[in-house]
Structure formats: structure tokens, C-alpha cells
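Undergrad: I have a structure I would like to understand better, so I am pasting it below and will then ask my questions one at a time.
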Amino acid sequence: MNTYYSMLGRLLHGKTPIHKEGYYILCEDRHVRYNLEGPLNVKVIDTEQFVQTIVNGCKEVIQSFSKSQDNQEVYAFSLYVNEYKSIYIYINNIPEFQKKLHDQYSHYEDPSYINSLKYNLGDFSFQFWSKHMSEFGQLLDDFEKFEDSPSYERDEEPLQPGDQPVIALEAGIIDSGYYALILEAVVRLKAENAFDSLNTTPNFIAFASTDNDYLNYSIMMRKTIEPDVFYTVFPDLRDMDARFEAWVSQNRRLSAGDVLDHLQDIFLDNYNSSFPFSVNRCGYDIFEQLGHLGNSLAEECLKRLHNYTTTIEQLDREQFDLISSYIEALYFAGELTLEQKSACSQLANRFLEQDEDLIDIARELNALSLYSSPF
């Protein structure tokens, strides 16, 4: 299981702050630099400016669309972002959906398949991007040029002599925080009644979206779609949610050690083929249910992580996945004691001393040694 989506869940729920020290700086040659201090004489974008600029750009698109002949029976609006930092707006209306259903999917008979098509962004007829957002689109163009940042190796260079900075963004925005900020933009659009100019259906929905459907259905959509509308639009999810809650209830009877053993197959499921992925739940939901275990969860995870320090040189993929899962679980164990935070730091040093390729594991453990939990 990719624990990255649990981390995104923490960001989306506000459990982990997106603010990180430093700035990513775009230069004229499209090189990206990283500085602890913001560059002089260059526009610096903070999280508030990022969100408000996107909100303003969306309003430009909405107003333009509202004046077109396509402004009829609009049933969905989505602000989409992907891992390459491309941001798009998707809108669709009932006439266009029915036309596509008739022209390309007339063989569809199952209501679930038809509903899936209805809300599949790839089949929406109206797509908009930076050029449709007036002057507000320039930020999206610049933002997309940060697509490879932070780098996989995370060895970003600071500004070099001769660099010509174009724009700088707070590091937290670039380092995955933009997912939470895209969601915030839709929340703000709804609060400001930005969709009032659209001729919408009774069950019109507006939501933020990503490439990951599990994240969309389990978190993103639920943040901006009222529960009764959500279940009306996606009726299959009512039963899926009930099955998930029953599973969580069963797990609550288990000790920290037993529940981690019970979840092991899920931790090792790199294809998201098992339950609860089958009921459209993401990694965050798997770890969130562990929160009631508190300190006992922390003790169990630290014990298991310590056991791996004796076999670091022989770690295989499954062991690496389990290590990552136990580290992620620590974020849900409540406030770690000083001794536990110290243990995280010691484990980080131990892993890094034995294998430099475990630098990401070491980083996470060091982060936990400084982490103040909101759970």
C-alpha cells in the first residue's frame, strides 16, 4: 500500500500542516531552486494568495460559462489537480451527458455503469485551464513548471549565481500541500456562492478531484458535497460505507498488535485490490481507525520498527512496505512521549547508517521526533 495517500489524507483533514520552511523558486531557464529565504525582488506566493488566485480564476470560467448557451442543467463542477501539478476545471450538463451516452455508450444498461460515466471527468464535455482564467491563469502556468519538484532524491540546489528568478512559492504548497489548497478553493467557491450564475440541477455538485479515485470518493468529495446529496448522487456508496463501518467496528475490539497483524495483507497490497479499497476507501481511512489505540499503538509500532534494525541489509520489498506502514501509523497514535520521539530519532539514525537508500524512512522518523499530534 502506498502510504503517500494516507499522508495526503492528513493534509486534507488538516491533521498535518502544509506549511514547510523555505521556498521553491522558478528561474527563467525553468530550473527550480530551493532557498530557506525568499528571493529579493521576486513575487512570492503564500498559501492564501495561491488559493485566492485559483478562486478568482474559477470565477472567470464560471461567469463566462454562465453566459453561454451551454448553461443549462449543469450537474457537476470539478477543480482537478494531478501529481504533475496540472490544474483543470471540468463542467458538464445533462444534455451533453445524454448525448455522449447515446452516441458512445448506448450499450450501457447497468445503472451503476451509467452513473459512473455521468461523473467520469474524462467524459465531461467542458474542460478549462489557465488560458480561460484571464490574468489569474498565469500562476497556474508557473505552478505547472514545478512539476518535478520536490525531486525524488530531494537534493534541491539553492539559488546559483546567474539565476534569474521568476516566481517563488512557499515550500509547503509545492510539496503536496497544493492538494489541500485546491480543496480549499472549492470550499471557498461554495461559501461565496460562486455557482449561483449557473443553471444547475437540484443535485448539482461541486468538488475537488485528483487522479486517485479512492482519495476523491473517501475524502475530497465529502468535504464539499452534503451527505444527503452525496448518497443521492452516488447511491452505491451508502452500502459501501456501511460495510466499511462494520469492518472498523470489528477491528476496534483488537489490541494494537493484533490489529496490525490483521492489517498486514492490506499494508502489502500494492494494487489496492483488497477490502477496504474495494469500497472506495483510501489509505487514510485504514490508519485513522487506529487512533483509539493511542500510546499502545505507538509502543507496538516502535517495537516492530526496532526489530527491523537488525536485518536492514536484507530488507525486501514487503519488509520495506511494512516499515512504511508502521511509521505512518505512528502519526495516528496521539502525542508521542519524549522517550518515543527520541526512539524515532534513534531509529532514523540507525536506518540511515546502514543504508543511504533508506533516507525517506529516516526523514519520516525524524519528522515524527518533532511532530505534535492534533489527534
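Undergrad: Could you work out the mean projected area of the convex hull around the alpha carbons of the chain, in square nanometres to one decimal?
TA: Answer in nm², one decimal: 20.8.
Undergrad: Another question, if that's okay. Relative contact order for the stretch 211-333: what percent, with Cα pairs under 8 Å and sequence separation of 6 or more?
TA: With pairs under 8 Å counted, the relative contact order is 31 percent.
Undergrad: Using the beta-carbon distance between Q72 and D239 and R0 = 30 Å, what value does 1/(1 + (r/R0)^6) give for FRET efficiency, to the nearest 0.05?
TA: 0.35
Undergrad: If you roll a 1.4 Å probe over the stretch 229-369 with all protein chains in place, what percent of the accessible area is carbon or sulfur?
TA: 46 percent
Undergrad: Could you pull out every whole DSSP H run in the chain that spans at least 18 Å of Cα extent along its own axis and averages 1.0 or higher on the Kyte-Doolittle scale?
TA: Within the chain the helices that satisfy the rule are 178-191.
Undergrad: Next question. Under a Cβ-only charge scheme (Lys and Arg +1, Asp and Glu -1), can you give me the dipole magnitude of the stretch 22-133 about the Cα centre, in debye to the nearest 20?
TA: The dipole magnitude comes to about 240 debye.
Undergrad: With just the Cα atoms of the stretch 213-364, tell me how far they stretch along each of the three principal axes, in Å, largest first.
TA: The Cα atoms of the stretch 213-364 stretch 54, 28, 27 Å along their principal axes.
Undergrad: What does the accessible area of F126 come to, in Å² to the nearest 10, when a probe of 1.4 Å is used?
TA: It works out to around 30 Å².
Undergrad: Output needed: percent of Cα pairs per 5 Å distance bin for the stretch 29-176, bins running from 0 to the one holding the longest distance.
TA: Here the calculated profile for the stretch 29-176 is 2, 8, 16, 17, 14, 12, 10, 8, 7, 4, 2, 1, 0.
Undergrad: Return the distance in nm (one decimal) between the two label points of a simple spin-label model at S106 and Q138, each offset 7 Å from Cα along Cα→Cβ.
TA: 5.0 nm
Undergrad: First obtain the Kirkwood hydrodynamic radius of the stretch 276-338 from its Cα pairs, then insert it into the Stokes-Einstein equation at 25 °C and 0.890 mPa s, and state the resulting D in µm² per second as a whole number.
TA: Estimated via Stokes-Einstein, D reaches 193 µm²/s.
Undergrad: Can you show me the helix-derived [θ] at 222 nm for the chain, built from DSSP H runs with n ≥ 4 at -39,500 (n - 2.57) apiece and divided by the number of residues, rounded to the nearest 500.
TA: Computed ellipticity for the chain at 222 nm equals -13500 deg cm²/dmol.
Undergrad: I'd like the distance separating the alpha-carbon centroids of the stretch 217-240 and the stretch 56-82, in whole Å.
TA: The distance from the Cα centre of the stretch 217-240 to that of the stretch 56-82 comes to 21 Å.
Undergrad: Could you please report the charge total around E300, scoring K, R as +1 and D, E as -1 over all other residues with beta-carbon less than 14 angstrom from its beta-carbon?
TA: -2
Undergrad: Can you tell me how much longer the chain between S64 and K99 gets when fully stretched, taken as 0.36 nm per residue apart minus their C-alpha distance, in nm with one decimal?
TA: Full extension from S64 to K99 adds 10.3 nm.
Undergrad: Separation between the V42 and Q346 pseudo-spin-labels, each 7 Å from Cα along Cα→Cβ, expressed in nm?
TA: Each label point lies 7 Å from its Cα, and together they span 4.2 nm.
Undergrad: Remind me, relative contact order of the stretch 311-369 in percent, using alpha carbon pairs under 8 angstrom and six or more residues apart?
TA: It rounds to 40 percent for the stretch 311-369.
Undergrad: Given Cβ point charges of +1 (Lys, Arg) and -1 (Asp, Glu) and nothing else, what value in debye, to the nearest 20, does the dipole of the stretch 95-226 about its Cα centre take? Numbers along the way, then the final one.
TA: Values: 10 positive and 24 negative charges, 158 e Å.
That gives a dipole near 760 debye.
Undergrad: Normalised by the residues of the chain, what does the relative contact order come to in percent, with Cα pairs under 8 Å and at least six apart?
TA: 22 percent
Undergrad: Can I ask one more? Keeping every protein chain in place, order E83, E144 by accessible area at 1.4 Å, biggest value first, i.e. largest first.
TA: Working: E83 110, E144 70 Å².
From most exposed to least exposed: E83, E144.
Undergrad: Given R₀ = 45 Å, what would the calculated FRET efficiency be for V187 paired with T311, taking r from the Cβ atoms and rounding to 0.05?
TA: The formula returns an efficiency of 0.45 here.
Undergrad: Follow-up. Quick one: of K85/K223; K223/K341; K15/K67; K85/K303; K43/K85, which pairs are farther than 30 Å apart, Cα to Cα?
TA: Working: K85/K223 21 Å; K223/K341 32 Å; K15/K67 40 Å; K85/K303 38 Å; K43/K85 19 Å.
Violating the 30 Å Cα-Cα cut-off are K223/K341; K15/K67; K85/K303.
Undergrad: Per residue, what accessible area does the stretch 144-183 have, given a 1.4 Å probe and all protein chains present, in Å²?
TA: Per residue, the stretch 144-183 has an accessible area of 46 Å².
Undergrad: Please figure out what share of the DSSP beta bridges in the chain is antiparallel and state it in percent, rounded to the nearest 5.
TA: 70 percent
Undergrad: Would you mind computing, in nm to one decimal, how far apart the modelled labels at R222 and Q319 are, each placed 7 Å from Cα along Cα→Cβ?
TA: The two pseudo-label positions are separated by 3.6 nm.
Undergrad: Using the Cα centre as the reference, give the magnitude of the dipole from point charges on the C-beta atoms of the chain (Lys, Arg: +1; Asp, Glu: -1; all else neutral), rounded to the nearest 20 debye.
TA: Roughly 1040 debye for the chain.
Undergrad: Let me ask another. Of D29, D357, which has the most accessible area with a 1.4 Å probe, and how do the rest follow in descending order?
TA: Descending accessible area places them as D357, D29.
Undergrad: Quantify, in whole percent, the carbon and sulfur part of the accessible surface of the stretch 47-195 (1.4 Å probe; protein heavy atoms only).
TA: 43 percent
Undergrad: Return the inverse of the average 1/r over all pairs of distinct C-alpha atoms in the stretch 8-108, which is the Kirkwood hydrodynamic radius, in Å to one decimal. Walk me through the numbers on the way to the answer.
TA: Numbers: mean 1/r = 0.0568 Å⁻¹.
Across the stretch 8-108, the inverse of the average 1/r is 17.6 Å.
Undergrad: Quick one: order M7, M220 from most to least accessible surface, probe 1.4 Å.
TA: M7, M220
Undergrad: In the chain, with Lys and Arg counted as +1 and Asp and Glu as -1 at Cβ, which of these residues, A171, T16, C301, has the Cα nearest the positive end of the dipole, that is, farthest along it?
TA: The one lying farthest along the dipole's positive direction is T16.
The values are calculated or read from the model by the stated rules, or taken from the named source; none is laboratory data. Bear in mind the structure is a predicted one, so any value in this text is a computation, not a measurement. Don't worry about glycine lacking a Cβ; one is built from the backbone with ideal geometry, like all the others, and counts go over all protein chains shown. For the accessible areas, the whole protein counts, side chains as well, though only heavy atoms, and no ligand, DNA or RNA atoms are used. Shrake-Rupley method; radii C 1.70, N 1.55, O 1.52, S 1.80 Å.
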